[in-house]
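Below is one structure, written out as structure tokens, with a few remarks after it.
The values are calculated or read from the model by the stated rules, or taken from the named source; none is laboratory data. Quick caveat: nothing in here was measured; it's all calculated off a predicted structure. A quick note on method: Cβ atoms are made from the backbone with ideal geometry, for glycine too, and the neighbour counts reach across all protein chains shown.
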Amino acid sequence: MVQNVIFDTDPGQDDAVAILTALASRELAVLGIVTVAGNIPLAATTRNALKLVELAGRTDVGVYAGADRPLSRTLVTAEHVHGESGLDGPELPAPSTPPRAQHGVDFLIETVRAHPEGTIRIMALGPLTNVALAIAKAPDIAARLKDIVLMGGAYFEVGNITPTAEFNIYVDPEAARIVFASGAKITVLPLDVTHRMISTPARIDAFAALSNRAGEAVAAMLRFSEAFDRRKYGWDGAPLHDPCVTAYVLAPEIFEGRSVNVEIETGSSLTRGMTVADYWGVTDRPKNAIWIRSGDADAFFSLLADRIGRLP
């Protein structure tokens, strides 16, 4: 059965792999791509999303610009990881396709309301600003969604932008708090699992060996962006975060997790954006998310390579 999905994203090389994988997958109907400021500012994330639909030969998928700043914070970006363009590595042409005129938040609301209840999944790869704005403006959509599958947070791995916080949640913790309190069904792919999905040189070479434009672009993207994390962690490769969302939607059997309560810290300067996951059930707070802790890295990379290989 084909699943209806909407991306909310801030591309970003790892976002790019997640999006390209979905655009190549017959099991997914990508209804639209909504961009948000995060890894880089909004104009660049929107331009990158347009580059990706053109690279995939999928200009039928509309790109909608969303929020250009967090709800109440100064925007923090990550050009030190992704480069000034956000997609540094390959030489991708400037897009000729324009973004759609409708604001991304309004597109989210209108699209969820236009489809039967329980038939749309939001695949969130960046700060949750757009999703929070949509829920605040139209609270009914939280119950209408099938679920929200997001990359963000950490419990066992703690943080990657501060000692206590993962980047996507840190950029807009107030938005994350709204989303986790919304009552929507949520699955979280945190650093706890993404840090197990290591893009080793051999795995990156496998994308290049596909010998198509998309495979060569993915290899070039990862060789650029993964260099930062290889230096930081000292691993034989670097974690590939956002594609875990697409892989989970396509093949949830690759992953393991449990239902937990997740609360978002917004008050402390030391722990801003921390995802306080009650993994061991030591409180009576209601469970509001499925927290994924582990996954099969070989199956994950095999799935990505298979789908990227289907693209031009």
Search region 252-310 for residues being in contact with a helix residue (DSSP H, G or I) (Cβ under 7 Å, 6 or more places away or on another chain) and of a type in the set (Phe, Trp, Tyr), and hand back the single one that is farthest from Ala184 (Cα to Cα). Phe301
Ile148 vs (1) free of Cβ contacts under 8 Å to residues at least 60 places away in the same chain; (2) farther than 21 Å from Ala16 by Cβ; (3) β-branched (Val, Ile, Thr): all pass except (2)
Suppose we filter region 256-312 for residues that are of a type in the set (Asp, Glu), part of a loop (DSSP other than H, G, I, E, B) and in contact (Cβ under 8 Å) with a residue 24 or more places away in the chain; how many remain? 2
Name the residue that is nearest to the chain's Cα centre (by Cα), counting only residues in region 276-312 that are β-branched (Val, Ile, Thr) and crowded, with 21+ Cβ neighbours inside 10 Å. Ile292
Is it the case that Phe224 is surrounded by 22 or more Cβ atoms within 10 Å (Cβ to Cβ), in a helix (DSSP H, G or I) and either touching a Cys at 6+ places or on another chain (Cβ under 8 Å) or touching a residue at least 60 places away in the same chain (Cβ under 8 Å) (or both)? no
Out of (1) at pLDDT below 95; (2) part of a loop (DSSP other than H, G, I, E, B); (3) within 20 Å of Val171 (Cβ to Cβ), the odd one out for Thr74 is which? (1)
With the structure loaded, tell me whether Tyr248 is among the aromatic types (Phe, Trp, Tyr) and modelled with pLDDT of 95 or more or whether it fails that test. yes
